[in-house]
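So the structure is just underneath, and the comments pick up after that.
The values are calculated or read from the model by the stated rules, or taken from the named source; none is laboratory data. From a predicted model like this one, the values you see are computed outputs, not experimental measurements. Positions of Cβ are backbone-derived with ideal geometry, glycine not excepted, and every protein chain shown enters the neighbour counts. Ligands, DNA and RNA are stripped out before the accessible areas are found, and what is left, the full protein with its side chains, is counted by its heavy atoms. Shrake-Rupley method; radii C 1.70, N 1.55, O 1.52, S 1.80 Å.
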Amino acid sequence: MVLLENDAFLTELTKLYERTRAKGSVSCVMKITKPTNKPRPKGTKRPDPTLEEIRAPGSEYGVLVRASDGKRKVSTFVKPEKASKFSKSYQTIQLAYLDGLSAETKKKKKKPTAKAKKP
């Protein structure tokens with residue numbers, strides 16, 4: 001997985017959507033995390049941060065954003081200071097490529113008709 005700068009990630013995300021426009025899909029995931037790459041021993045979990053820890057000024061927490069089309073994976077780490085600018089750009093790209101969605105049509109169920117038996 002490639003960790004990119006925010007602007008480069010948005011460019012690559014646009015390319016992923018363009019490649020899968022005719023056929024395929026892109027999955028995007030967001031996760032609140034710290035930017036540490038320290039390995040952890042198996043069986044140990046990180047403690048879940050509280051909302052106060054995440055929102056504290058100078059906090060190390062940010063958002064890890066990942067996108068994949070099944071073949072190529074890209075990701076970026078968004079710091080809290082740049083979150084509003086990134087989210088606006090991310091939203092614009094997401095809305096631009098929503099045209100591939102199709103509305104589901106509800107099928108009407110046919111009621112079974114009672115046939116009269118002839119003696």
(request) With everything on Cα atoms, drop me the angle between helix 83-96 and the longest principal axis of the chain, reported from 0 to 90° to the nearest 10. (result) 30
(message) From Cα pairs below 8 angstrom and at least 6 apart in sequence, can you work out the relative contact order of the chain, rounded to a whole percent?
(response) 33
(message) What is the percent carbon and sulfur in the accessible area of the chain, measuring with a 1.4 Å probe over the protein chains and ignoring ligands?
(response) 55
(request) Calculate the spin-label point distance for LYS107 paired with VAL2, positioning each point 7 Å from the Cα along the beta-carbon direction, and give it in nanometres. (result) 4.2
(request) Could you tell me what fraction of 2.2 N^0.38 Å the Cα radius of gyration of the chain comes to, as a two-decimal ratio? (result) 1.69
(request) Skip the ligands, DNA and RNA, and give the accessible area per residue of the chain with a 1.4 Å probe, whole Å². (result) 88
(message) Could you check the spin-label model distance between SER27 and ARG40? Points 7 Å from the Cα along Cα→Cβ, value in nm.
(response) 2.1
(request) Just the number, please: Stokes-Einstein D of region 1-48 in µm²/s, Kirkwood Rh from C-alpha pairs, 10 °C, 1.306 mPa s. (result) 115
